[in-house]
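I have placed the structure first, in the form of C-alpha cells, so that the comments after it can refer back to it.
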Amino acid sequence: MVDDGLTAQYASMETSELVMLHQSGTLTEAAYPLLESELSRRNVPIGPRPAPAELPPELPFFSGHWTGLHSAQSALVFVAGLVPALLALISYGAVVLAETFYPSASITRVLPIVLELLILMYLVFAFVAVWRCARNSETTLSMWWTRWKGLGLVVSYGLVTLIFLRNAIVRLGDS
C-alpha cells in the first residue's frame, strides 16, 4: 500500500523534483527503488545514490539549556514556562495529598520545606539557562528582552510556588 502511494506521488511530480529528491540523500531504502524506477520510466539518467543525510545530534534537555546550546525560545517556553508550572502543580498536589492522607505525620511538615528547596534550586537553574540561551538571540536587544522575559517568568512562577509552600509550612506549624 505504501509502495502504491509513493509510486503515485512520484508519478505526479516533475522530473526536476524527482532528480533533486534523489540527490538529497533523505530517502529511505524502500523509497529509492520506487523513485529510481520512476526516473528510468521517464528515461532520466540515474546517478549514484548519495550518502545518507545526517541529522544533527539531539541535545540533552537540561544540560543543553544549562550550557546555553538551545534556542532562547526553547529556554523561555520550556525551562522558564512549562517546567516551573508543572513543578508548581506537582508541589501543590503533593502537599494537598500529604495533608489529606497523612495529616499528623512528619512527612506533612517536611514535604513543603523539601519542595521549597527543590523549587529554589530549579529556579536558579532556570534563570541561568535562560540567561545563557539568550545569547543565541539574533540581536542584542532581543537578547536582553529574552533575558527580562525569562527573569519575569522565573520570578512569577517561583514566587507563586514559594508563597504557596511557605503558607503550607506556616499552616502546618500552627496545627
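The values are calculated or read from the model by the stated rules, or taken from the named source; none is laboratory data. Only a predicted model underlies this, so the values are computations on that prediction, with no experimental measurement involved. As a convention, Cβ positions derive from the backbone with ideal geometry for all residues, glycine included, and neighbour counts pool all protein chains shown.
Gly93 fails exactly one of the following numbered conditions: (1) under 29 Å from Glu116 (Cβ atoms); (2) without any contact (Cβ under 8 Å) to a residue 60 or more places away in the chain; (3) surrounded by 12 or more Cβ atoms within 10 Å (Cβ to Cβ). What is the number of that condition?
Single failed check for Gly93: (3).
Leu111 versus (1) crowded, with 17+ Cβ neighbours inside 10 Å; (2) not assigned by TED's automatic domain parsing to the domain that holds Leu153: which is the lone unmet condition?
Going through (1) crowded, with 17+ Cβ neighbours inside 10 Å; (2) not assigned by TED's automatic domain parsing to the domain that holds Leu153 one by one, Leu111 breaks only (2).
Answer yes or no as to whether Phe164 is at pLDDT 85 or above and not polar (S, T, N, Q).
Numbers: at pLDDT 85 or above: no; not polar (S, T, N, Q): yes.
It is false that Phe164 is at pLDDT 85 or above and not polar (S, T, N, Q).
Could you tell me which numbered condition Ala51 fails, if it satisfies all but one of (1) farther than 28 Å from Leu162 by Cα; (2) assigned by TED's automatic domain parsing to the domain that holds Ser137?
Exception for Ala51: condition (2).
When segment 13-46 is examined, which residues are found to be over 21 Å from Asp3 (Cβ atoms), in a loop (DSSP other than H, G, I, E, B) and of a type in the set (S, T, N, Q)?
Passing the criteria: only Asn43.
From Leu159, Leu151, Leu141, Leu117, which residue is surrounded by 14 or more Cβ atoms within 10 Å (Cβ to Cβ) and assigned to a helix (DSSP H, G or I)? First the steps, then the outcome.
Numbers: Leu159 fails: surrounded by 14 or more Cβ atoms within 10 Å (Cβ to Cβ); Leu141 fails: surrounded by 14 or more Cβ atoms within 10 Å (Cβ to Cβ); Leu117 fails: surrounded by 14 or more Cβ atoms within 10 Å (Cβ to Cβ).
It is Leu151.
Going by the conditions given, is Tyr102 over 26 Å from the mean Cα position of the chain (by Cα), aromatic (Phe, Trp, Tyr) and under 30 Å from Asp3 (Cα atoms)? It would help to see each step written out before you state the result.
Values: over 26 Å from the mean Cα position of the chain (by Cα): yes; aromatic (Phe, Trp, Tyr): yes; under 30 Å from Asp3 (Cα atoms): no.
Answer is no for this residue.
Would segment 136-159 turn up any residue that is assigned by TED's automatic domain parsing to the domain that holds Gly81, of a type in the set (A, V, I, L, M, F, W, C) and over 28 Å from the mean Cα position of the chain (by Cα)?
So in segment 136-159, the residues assigned by TED's automatic domain parsing to the domain that holds Gly81 come out as 136-159.
Now restrict to residues that are of a type in the set (A, V, I, L, M, F, W, C): 141, 143-145, 148, 151, 153-155, 159.
Checking which are over 28 Å from the mean Cα position of the chain (by Cα) leaves us with none.
Among the residues of segment 136-159, not one is assigned by TED's automatic domain parsing to the domain that holds Gly81, of a type in the set (A, V, I, L, M, F, W, C) and over 28 Å from the mean Cα position of the chain (by Cα), which makes the answer no.
Looking at Ser104, Ser74, which is the one that is assigned by TED's automatic domain parsing to the domain that holds Thr139, over 16 Å from Leu162 (Cα atoms) and outside any helix (DSSP H, G or I)?
Working: Ser74 fails: outside any helix (DSSP H, G or I).
Criteria check complete, one pass: Ser104.
Could you tell me which numbered condition Thr108 fails, if it satisfies all but one of (1) of a type outside the set (D, E, K, R); (2) farther than 30 Å from Leu69 by Cβ; (3) in contact with a His (Cβ under 6 Å, 6 or more places away or on another chain)?
Failing condition for Thr108: (3).
Is segment 47-62 home to any residue that is surrounded by fewer than 18 Cβ atoms within 10 Å (Cβ to Cβ), out of contact with any strand residue (DSSP E or B) (no Cβ under 7 Å at 6 or more places or on another chain) and part of a helix (DSSP H, G or I)? Walk me through it before giving the result.
If we filter segment 47-62 for residues that are surrounded by fewer than 18 Cβ atoms within 10 Å (Cβ to Cβ), which is where we start, we get 47-62.
With the extra rule that they be out of contact with any strand residue (DSSP E or B) (no Cβ under 7 Å at 6 or more places or on another chain), the set shrinks to 47-62.
After this cut, where a residue has to be part of a helix (DSSP H, G or I) as well, the list is 61-62.
Within segment 47-62, one or more residues are surrounded by fewer than 18 Cβ atoms within 10 Å (Cβ to Cβ), out of contact with any strand residue (DSSP E or B) (no Cβ under 7 Å at 6 or more places or on another chain) and part of a helix (DSSP H, G or I).
For segment 148-168, state whether one or more residues are of a type in the set (A, V, I, L, M, F, W, C) and in contact with a Lys or Arg (Cβ under 8 Å, 6 or more places away or on another chain). Walk me through it before giving the result.
Going residue by residue through segment 148-168, those that are of a type in the set (A, V, I, L, M, F, W, C) are 148, 151, 153-155, 159-160, 162-165, 168.
Keeping just the survivors that are in contact with a Lys or Arg (Cβ under 8 Å, 6 or more places away or on another chain) gives none.
No, segment 148-168 has no match at all.
May I ask you to say which residue of Phe125, Phe78 is among the aromatic types (Phe, Trp, Tyr), at pLDDT below 90 and under 14 Å from Leu153 (Cβ atoms)? Show your work before the answer.
Details: Phe125 fails: at pLDDT below 90.
Answer to the check: Phe78.
What residue, among those in segment 19-45 that are at negative phi and either among the small types (Gly, Ala, Ser) or in contact (Cβ under 8 Å) with a residue 40 or more places away in the chain (or both), is surrounded by the most Cβ atoms within 10 Å (Cβ to Cβ)? Can you show your working first?
Narrowing segment 19-45 to residues at negative phi: 19-24, 26-42, 44-45.
So of that shortlist, the ones also either among the small types (Gly, Ala, Ser) or in contact (Cβ under 8 Å) with a residue 40 or more places away in the chain (or both) come out as 24, 30-31, 37, 40.
Numbers: Ser24: 10, Ala30: 10, Ala31: 17, Ser37: 13, Ser40: 11.
Checking each candidate, the answer is Ala31.
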